[in-house]
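Please read the structure below before turning to the comments.
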Amino acid sequence: MTALPANPPPEWIVSEGRTPYAEALSAMEAQVAAIREGQANERVWLVEHEPTYTAGTSARPEDLRDARFPVFAAGRGGQWTYHGPGQRTAYVMLDLTRPHGTVPARDIRAYVHGLEEWLIHALGRFNVRAERREGRVGLWVVNRATGGEDKIAAIGVRVTRWVSWHGIALNVDPDLGHFGGIVPCGISEHGVTSLHALGIPATMEEADSALLAAWPEVFG
């Protein structure tokens, strides 16, 4: 098989409807193997899932409070995460042996920082100020009603022989009550929010456009 040209830009794929979680895992694993062998392009894959709870490698059994939805061992880093309708999940499959924009080669911490920055730029297009917090994974916004902070996006990655998979989950308009079955990312003292809960009636297509526009600002 003929190798692909050197360093083509990632392909962007948006799946219609709901993608079964097990199917997504299998598809990512195959794509990552092909990228590693130089036989496939890097990929950013945008999906929605049916309501699902996924456990990262650090997930604690006691943080699954109510297994009301199917539960999967995701194999990514992190703890418990919910995926479901109204949430845009972006699976990012990149060859990290080479640099991508502001992200240097072979630096997983910088890669995770880049995913955070990508979300910060995308949410900024909706005039949402999303911020990092020391010791907490994901992106956070101030809850003006309570004075506390709520998570608007989650991040969980896996890197296999320097090819990334899994990625980010942005809450556009999910049922926030569905997060009650878990302790999201092991953090019980803060809440979860979405663009719609913040009074921003963005569509999934508008969220996708923001993610696409913000990508080159971070990843080149």
Practice item. May I ask you to say which residue of ALA207, ALA202, ALA214 is of a type in the set (Gly, Ala, Ser), at negative phi, crowded, with 18+ Cβ neighbours inside 10 Å and assigned to a loop (DSSP other than H, G, I, E, B)? Key: ALA202
Check your understanding: Any idea how many residues of the stretch 133-161 are modelled with pLDDT of 95 or more, farther than 21 Å from LEU212 by Cα and under 15 Å from the mean Cα position of the chain (by Cα)?
Key -> 3
Exercise for review: Kindly list, by first and then second residue, each pair from a residue in the stretch 189-202 that is more than 11 Å from ASP173 (Cβ to Cβ) to a residue that is among the hydroxyl-bearing types (Ser, Thr, Tyr), limited to pairs with Cβ atoms under 9 Å and residues at least 6 apart or on different chains.
Suggested key: GLY191/THR146; VAL192/TYR82
Exercise for review: Could you tell me whether the stretch 141-157 includes any residue that is in a loop (DSSP other than H, G, I, E, B), in contact with a Leu (Cβ under 7 Å, 6 or more places away or on another chain), β-branched (Val, Ile, Thr) and buried (at least 16 other Cβ atoms within 10 Å of the Cβ)?
Suggested key: no
Review point. Within the stretch 102-140, which residues are in a strand (DSSP E or B) and at negative phi?
Key: VAL103, GLU131, ARG132, ARG133, ARG136, VAL137, LEU139, TRP140
Review point. Taking the stated definitions as given, is ARG76 assigned to a loop (DSSP other than H, G, I, E, B), touching a residue at least 12 places away in the same chain (Cβ under 8 Å) and loosely packed, with under 14 Cβ neighbours inside 10 Å?
Key: no
Revision key, fill the gap. Pairing a residue in the stretch 19-38 that is under 19 Å from GLN87 (Cα atoms) with any residue that is crowded, with 17+ Cβ neighbours inside 10 Å and of a type in the set (S, T, N, Q), where Cβ atoms lie under 6 Å and the two sit 6 or more apart in sequence or on different chains, gives TYR21/THR52
Practice item. Starting from the stretch 86-115, keep only residues that are in contact (Cβ under 8 Å) with a residue 12 or more places away in the chain and of a type in the set (Asp, Glu), then list their pairs with residues that are assigned to a helix (DSSP H, G or I) and surrounded by fewer than 23 Cβ atoms within 10 Å (Cβ to Cβ) whose Cβ atoms are within a distance under 8 Å, requiring at least 6 positions of separation or different chains. Key: ASP95/ARG36
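The values are calculated or read from the model by the stated rules, or taken from the named source; none is laboratory data. Source: prediction; values computed, not measured. For neighbour counting, all protein chains shown are included, and Cβ atoms are generated from backbone atoms with ideal geometry for every residue, glycine included.
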